[in-house]
Amino acid sequence: MRFGVVVFPGSNCDHDCYYVLDRVLGQQVEYVWHAETDVSKYDCVVLPGGFAYGDYLRTGAVARFSPVMKAVEAFAADGGYVIGICNGFQILLEAGLLPGAMMRNTGLKFICRFVDIRVENTSTPWTAGASKGDVLRIPIAHNEGNYQVDATTLEEMKRVGQVVFRYCSPEGAVLPESNPNGATESIAGVCSREGNVLGMMPHPERASEAALGSEDGLVIWRSLLEHCGASV
């Protein structure tokens, strides 16, 4: 597969994503500068973590208006695969490619540590290689990861399977104490109705080698590759 990793001013996980896709998974990958207006040559576009444009106004609020985002919106509308990780998730929300919004963590502090997330839906391209209820150990690093969505929209999301990951205990129980940021119903990741767009706060690229303490992030990458018939 051919991946494009978008680079905004302030991105800081672009190299991590590039490394995993290139060196760990052996895929074709290129950086995509935020001023680009065409991403049609890629099979998957990655919006990495970081602080796009400094996040001075609101996370993702300025990046949402980057020239590249019009291209990403058109790409997604045509069925292209898009994954937004942490700040990338926030940008997807601001762009309206995923439902909901982000608020500051309930503790009003930046959190950087491993968490456990439970796979809620295995019918997406991103989780097809997992089993429902699997627990993945993947790190988070954010100040605004408190996912919020109105009750009516949430019920529809649950009905059609858009809730993909929830924070949980190591044993898979969704408990208040396992929710690191106050997110509604412990939601850690959601997808579009069609499943081709995924947003998640945990960083799978930081859990893709044993040396990093976990390889559970490979579940997301390999699921997509296998779904698309790419060699892994």
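The values are calculated or read from the model by the stated rules, or taken from the named source; none is laboratory data. Given the structure is predicted, the values throughout are model-derived calculations rather than measurements. Don't worry about glycine lacking a Cβ; one is built from the backbone with ideal geometry, like all the others, and counts go over all protein chains shown.
Annotations for the structure displayed:
- Filter pass, A76 being within 19 Å of V7 (Cβ to Cβ), aliphatic (A, V, I, L, M) and without any contact (Cβ under 8 Å) to a residue 40 or more places away in the chain: no
- Residue in region 187-232 that is modelled with the highest pLDDT, counting only those that are farther than 26 Å from A173 by Cβ and β-branched (V, I, T): V197
- Leading residue by the ranking (nearest to the chain's Cα centre (by Cα)) among those in region 112-156 that are β-branched (V, I, T) and over 19 Å from E215 (Cα atoms): T124
- Those residues of region 71-124 which are of a type in the set (S, T, N, Q), in contact with a helix residue (DSSP H, G or I) (Cβ under 9 Å, 6 or more places away or on another chain) and surrounded by fewer than 21 Cβ atoms within 10 Å (Cβ to Cβ), in sequence order: T122
- Among (1) in contact with a Ser or Thr (Cβ under 8 Å, 6 or more places away or on another chain); (2) of a type in the set (G, A, S); (3) free of Cβ contacts under 8 Å to residues at least 60 places away in the same chain; (4) closer than 19 Å to H142 by Cβ, the one test that S169 misses: (4)
- All strands (runs of 3 or more DSSP E) inside region 135-232 with 1 or more residues being among the aromatic types (F, W, Y) and out of contact with any His (no Cβ under 6 Å at 6 or more places or on another chain): 146-148, 163-168
- Here region 101-132 is the region considered, the condition is being in contact with a Ser or Thr (Cβ under 7 Å, 6 or more places away or on another chain), in contact (Cβ under 8 Å) with a residue 60 or more places away in the chain and assigned to a loop (DSSP other than H, G, I, E, B), and the residue that is nearest to R166 (Cα to Cα) is N121.
- Complete set of residues in region 92-120 that are more than 19 Å from L154 (Cα to Cα) and touching a strand residue (DSSP E or B) at 6+ places or on another chain (Cβ under 9 Å): R104, N105, T106, F110, I111, C112, R113, F114, V115, D116
- Test result for D55, surrounded by 16 or more Cβ atoms within 10 Å (Cβ to Cβ), of a type in the set (D, E) and within 19 Å of G217 (Cα to Cα): no
- Condition broken by E185, with the remaining ones in (1) surrounded by fewer than 21 Cβ atoms within 10 Å (Cβ to Cβ); (2) under 19 Å from C13 (Cα atoms) satisfied: (2)
- Check on G4, buried (at least 23 other Cβ atoms within 10 Å of the Cβ), closer than 28 Å to A210 by Cα and not hydrophobic (A, V, I, L, M, F, W, C): yes
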